[in-house]
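Bear in mind these aren't lab numbers, they're just calculated from the coordinates by the rules spelled out. The structure displayed is predicted, hence computed values, not measured ones. So basically every Cβ, Gly included, is an ideal-geometry build from the backbone, and we count neighbours across all protein chains shown.
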Amino acid sequence: MAALAHIDPSVVSRVISGDERLVIKDETRARVVAAIKELRYHPNAAARSLRTAQSGTFGLLIPDFANPIYAEIIKGAEQAADEHDALLLTGTALEDRPERYVRMLASGRVEGLLLASDRIPPDAIEAMIATGRAVVSVNQRIPGVQRMILADDERASRIAVRHLIELGHRRIAHIRGPVKSDTARRRLNGYRRALRTGGLQPDAALVVGNGYTSEAGAEAMRELLAMPERPTAVLVANVAAAIGALTAARSAGVKIPDELSVVAIHDIALAANLAPALTTVRMPLAEMGRAGILALLDEDVGADIKKVVRDTTELIVRDSTAPPR
């Protein structure tokens with residue numbers, strides 16, 4: 001390449017690496033660029049990582065791939081990584097894997113980790129932080145992790161409950177997420193606050209469930225339908241549980257929304273194609289993934305970050321909510 005451009009190899013190397021200290025004539029730089037294109041040259045990432053001690057790779061740990069909302073977080077994170085010429089590796093935070101991720105951080109195989117799961121043991125979190133690499137939580141507040149990117153989960157619940165109250169509902173239940181989940185707690189707090197703001201007293205008996213899966217949603221819905229006085233509306237903590245809740249209601253012969261209105265937090269393409277189409281609160285999932293990568297790229301690894309992404313948090317009204325009979 002240096003011979004083709006008629007220039008010293010060291011100058012070619014500095015042009016390729018983007019050395020801002022290099023001072024050469026514009027026509028010289030143009031000859032190097034032309035030679036690069038003609039030879040279809042691509043930098044050797046492995047060799048570059050050895051020189052810079054940077055792998056250009058980041059990791060993202062999610063609870064599981066079955067939950068459709070994580071696809072949006074992955075999408076946003078991948079786009080941001082691609083824009084910065086980085087690679088994103090995605091895996092599940094299974095209980096038998098934390099040590100593996102600690103080793104990947106310590107060895108530099110990944111430069112930083114996004115944690116979208118609160119299932120990782122505290123000792124593993126401590127070991128990750130001790131590597132000195134960037135660790136950022138996404139969509140979760142994880143003890144020990146001081147850099148976090150969050151959605152406004154309380155606001156999402158308030159938006160949903162306010163919609164139900166404006167329709168005329170007064171007996172509003174909540175199918176919650178996992179009891180120990182940070183996001184589930186925040187959504188529960190928003191539900192309760194919205195009821196009080198609307199002049200309604202929260203009823204602990206109307207809060208049921210313990211999971212973000214369709215099975216958990218179905219089981220919780222059956223519990224609500226077995227009550228002597230059923231609710232007229234339900235806020236479901238996420239869309240996966242809402243799908244199970246709708247199935248359970250349909251199996252019990254309950255007409256949605258004629259007999260029961262249902263609204264869920266999170267919006268996915270599938271929600272518009274359910275029967276009936278599901279009313280949701282759209283959350284900034286892709287935006288959180290993107291913001292997480294940008295936080296990993298921040299040079300100040302030790303700086304505390306708490307960013308709440310509120311963009312695109314909005315109510316999407318479809319066919320599953322209506323005024324009570």
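Some points to look at:
- Here is the list for region 213-253: GluC sites (Glu not before Pro) lying in DSSP coil, each with at most 10 other C-beta atoms within 10 angstrom of its C-beta, are 229.
- FRET efficiency for residue 210 and residue 298, using Cβ-Cβ distance with R0 set to 30 Å, rounded to 0.05: 0.25
- Residues in region 253-293 reached by a label modelled at residue 79 [backbone nitrogen below 11 Å; 7 Å Cα→Cβ]: 285-291
- Sites listed here are trypsin sites (Lys or Arg not before Pro) in region 108-212 whose DSSP assignment is loop and whose Cβ has at most 12 other Cβ atoms within 10 Å: 180.
- Sequence-distant residues sharing a close amide H with residue 316 (under 5 Å, placed H): 280, 281, 282
- In straight-distance terms, cross-link reach from residue 306 covers every one of the aspartates and glutamates whose alpha-carbon lies under 17 Å from its own, apart from those fewer than eight places away in the same chain; here that gives 118, 152, 153, 154, 182, 287, 298.
- Chain lengthening between residue 305 and residue 87 when straightened (0.36 nm per residue, less Cα-Cα): 76.2 nm
- Residues with amide H under 5 Å from that of residue 309, placed H, sequence gap 5 or more: 150, 151, 152
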